[in-house]
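What follows is one structure encoded as structure tokens, with my remarks underneath.
All of the numbers you see were taken from the coordinates with simple rules; none came from a lab. As the structure is a computational prediction, the values presented were derived from the model and not from experiment. When we count neighbours, we look across all protein chains shown, and the Cβ atoms used for this are built from the backbone with ideal geometry, even at glycine.
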């Protein structure tokens, strides 16, 4: 048996104040979107902001539904909106933030597996990295240079395509 390990490369930044201006703005927008989340069941409010290559920003917040699992995470709301409103325009960066009224969110929150897969698919489609910026209400921020780093040993739709 051979044992191997997987690593996720990331940067821990003390505060969003230490980020480049465009990334700080994205984090602020993602944090603000937490207030627009519809989360009556989990009370876990997530916001996302995606910066497109054309300079536009597309926002999203999680949207729950009593007919679980009919809701969507903030990341997918933003990514699907960006893809439908600006088809073919690469998504350069996404900031994600979370808060809850039930406890303090002490660490930046990472996307769920479904969101990781969606971000990876868009990154693969656009043939270029999508930087991921993870935050909480305030304090430290984690940056990851490409969405694919969040999903080691990933599956891509490219694997389903038939050879020409």
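Output the residues belonging to the range 13-54 that are farther than 23 Å from residue 67 by Cα, more than 16 Å from the chain's Cα centre (by Cα) and part of a strand (DSSP E or B).
13
Need the failing condition index for residue 70 against (1) in a loop (DSSP other than H, G, I, E, B); (2) surrounded by 10 or more Cβ atoms within 10 Å (Cβ to Cβ), just the number.
All conditions pass for residue 70, except number (2).
Might you let me know whether the range 77-84 holds any residue that is assigned to a strand (DSSP E or B), surrounded by fewer than 22 Cβ atoms within 10 Å (Cβ to Cβ) and touching a strand residue (DSSP E or B) at 6+ places or on another chain (Cβ under 8 Å)?
No, every residue in the range 77-84 fails to be assigned to a strand (DSSP E or B), surrounded by fewer than 22 Cβ atoms within 10 Å (Cβ to Cβ) and touching a strand residue (DSSP E or B) at 6+ places or on another chain (Cβ under 8 Å).
Just the residues that are part of a helix (DSSP H, G or I) and within 13 Å of residue 48 (Cβ to Cβ), please, taken from the range 85-115.
115
Can you confirm whether the range 29-36 contains a residue that is crowded, with 16+ Cβ neighbours inside 10 Å and without any contact (Cβ under 8 Å) to a residue 60 or more places away in the chain?
No, the range 29-36 contains no residue that is crowded, with 16+ Cβ neighbours inside 10 Å and without any contact (Cβ under 8 Å) to a residue 60 or more places away in the chain.
Conditions tested, residue by residue: (1) over 18 Å from residue 16 (Cα atoms); (2) within 13 Å of the chain's Cα centre (by Cα); (3) without any contact (Cβ under 8 Å) to a residue 24 or more places away in the chain.
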| residue | (1), (2), (3) |
| --- | --- |
| 72 | yes, yes, yes |
| 75 | yes, yes, no |
| 100 | yes, no, no |
| 108 | no, yes, no |
| 117 | yes, yes, no |
| 121 | yes, yes, no |
| 124 | yes, no, no |
